[in-house]
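Read the structure below first, then the notes.
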Amino acid sequence: MIREDAQIEWICGDPHIHSHYSSGSILDYDCPFPPELMLEVAAKRGLKWVAPTEHNTIAHVKKWGDAGKKHGITIVPGIEKSFPTGKKFWFWSGQFHVIILGIQEMPSERIANSFADFCIWAKERGYLVVAPHPFSPAGMKKRAAEKYVDAIEIRNPLTNFFANLRAEKLCKEMNKIPVVGSDSHMPETLGCARVYVDAPQDARADDILQALAKGSNKNFYQSYNDIFLVYRLLRKRFGLNYDKALAYINGRKNPVERAVALKFMEYGLADTVKAKIIYLSVRSAWTFTDTLRSLYGLLGDYLSPHYERKSDRKGQPPSNSAFR
């Protein structure tokens, strides 16, 4: 319950960020930056709360909390859990993600390794289940989102325009809570996605979680147009994960992929013009393929029957539009 003596106002935050405690399925450091730096930048950009959604772990929530106190930012504990799909897309390793906000503990290994059981376990404890970037290569299936999640991430800067449109459309049709997330793996992207909730200025994590669960939040999103942003992130990752990155590249079966990736890592660590040319070429091909895939999916969405709009929020339609 919101405290009776609390003065309610709109405070903004980001429900999807990472730090160097996030490890990828291939690399030890998926995000090369510590919580202290991420929160220092978040505070400068006016964020009042964040949800660190590290990949597959909540072991470092206390360190986030300590850094949050230093910078005046409320920490909503979270996790971005991965589940295998067996399907690969380019260099993507065949997995989809779900975010749990408010999580205080991890379930048994059996439950944690089952998507359905994990979501049911989370809901039973009052946690908020979110489908992040649902139409990216790491997105969950529609039926899974309809059955198990409370909220859908309708804007993610790492996801293409048409994939975000599909997410917004799905959110409206399923009558889920719309949220946005920066999915920040580096400080530069913090603040591009803001979720405003009606909560006390000195809101605690429970206040923010309760406000999100109401679905009355307002979303703000601004894309970042720095084409070399991911290039800089990759260089940082290669530097911290050199041995693992090299082993992964050498293990690729496609000789062309292997040769291009090896040259990119070699040139990238030296920050040469050749590295940027390789990066732009691969990025362009990836963007074209991924965008075409999403556009094809969007056309299919409009040609297929719509989901019946049902509400699990006291029989009422959403109190805010899916995107503001």
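None of the figures in this text is laboratory data; all of them are computed from the coordinates on show. What you see is a predicted model, and the numbers here were worked out from it, not measured in a lab. Cβ coordinates were reconstructed from backbone atoms using ideal geometry, including for glycine residues, and neighbour counts include every protein chain displayed.
Summarising the amide proton neighbourhood of Tyr29: residues at separation of 5 or more, or on other chains, whose placed amide H is nearer than 5 Å comprise Gly24. Against the longest alpha carbon principal axis of the chain, how many degrees, from 0 to 90 and to the nearest 10, is the axis of helix 35-44 turned? The angle comes out at about 60 degrees. Here the 3J(HN,Hα) profile of segment 98-107, calculated from phi with Karplus coefficients 6.51, -1.76 and 1.60 at θ = phi - 60°, is 9, 9, 10, 9, x, 4, 10, 8, 9, x Hz, Gly and Pro shown as x. Between the listed residues Tyr231, Pro107, Pro132, the Cα displaced farthest toward the positive end of the dipole of the chain, a dipole computed from Cβ unit charges relative to the Cα centre, is found at Tyr231. Seen through its C-alpha gyration tensor, with square-root eigenvalues sorted a ≥ b ≥ c, segment 229-303 comes out prolate because a/c lies at 1.5 or above while a/b is bigger than b/c. Reported to the nearest whole Å, the Cα centre-to-centre distance from segment 45-66 to segment 173-205 is 13.
Helix 229-240 and the longest principal axis of the Cα set of the chain meet at an angle near 70°. The Stokes-Einstein estimate for the chain, based on a Kirkwood radius over Cα pairs and taken at 4 °C with 1.567 mPa s viscosity, is a diffusion coefficient of 63 µm²/s. Under 5 Å between amide hydrogens, built in the peptide plane, is the criterion, and for Asp183 it picks out His16 among residues at least 5 positions away or on other chains. Structural descriptor for the chain: relative contact order 20 percent, calculated from alpha carbon pairs under 8 angstrom and at least 6 residues apart. Taking the longest Cα principal axis of the chain as reference, the axis of helix 61-71 is set at about 80 degrees.
Assign one of three labels to segment 126-202, namely rounded, prolate or oblate, based on the Cα gyration tensor with a ≥ b ≥ c the square roots of its eigenvalues; rounded applies when a/c is under 1.5, prolate when it is not and a/b is larger than b/c, and oblate otherwise.
On the way: a/c = 1.88, a/b = 1.16, b/c = 1.61.
Taking the square roots of the gyration eigenvalues as a ≥ b ≥ c, segment 126-202 is oblate.
In percent, rounded to a whole number, the relative contact order of segment 229-303 is 24, using alpha-carbon pairs under 8 Å and six or more apart.
Footprinting exposure proxy ranking of Cys31, Cys12, fewest other C-beta atoms within 10 angstrom first, gives Cys12, Cys31. Karplus couplings for segment 172-189 from phi (6.51 cos²θ - 1.76 cosθ + 1.60, θ = phi - 60°), rounded to Hz, Gly and Pro as x? The phi angles translate into 5, 5, 8, 6, 8, 6, x, 9, 10, x, 6, 6, 5, 10, 7, x, 4, 8 Hz. Taking amide H atoms as placed 1.01 Å from N in the peptide plane, the amide H of Phe96 lies under 5 Å from those of Phe83, Thr85, each 5 or more residues away in sequence or on another chain. Coupling constants for segment 122-137 follow from the phi torsions by the Karplus curve (6.51 cos²θ - 1.76 cosθ + 1.60, θ = phi - 60°), and in residue order they are 5, 5, 4, 9, x, 7, 9, 9, 10, 9, x, 5, x, 10, 7, x Hz; glycine and proline get x. Taking the helices alone, the chain has a mean residue ellipticity at 222 nm of -13000 deg cm²/dmol, built from -39,500 (n - 2.57) per DSSP H run of at least 4 residues and averaged over all its residues.
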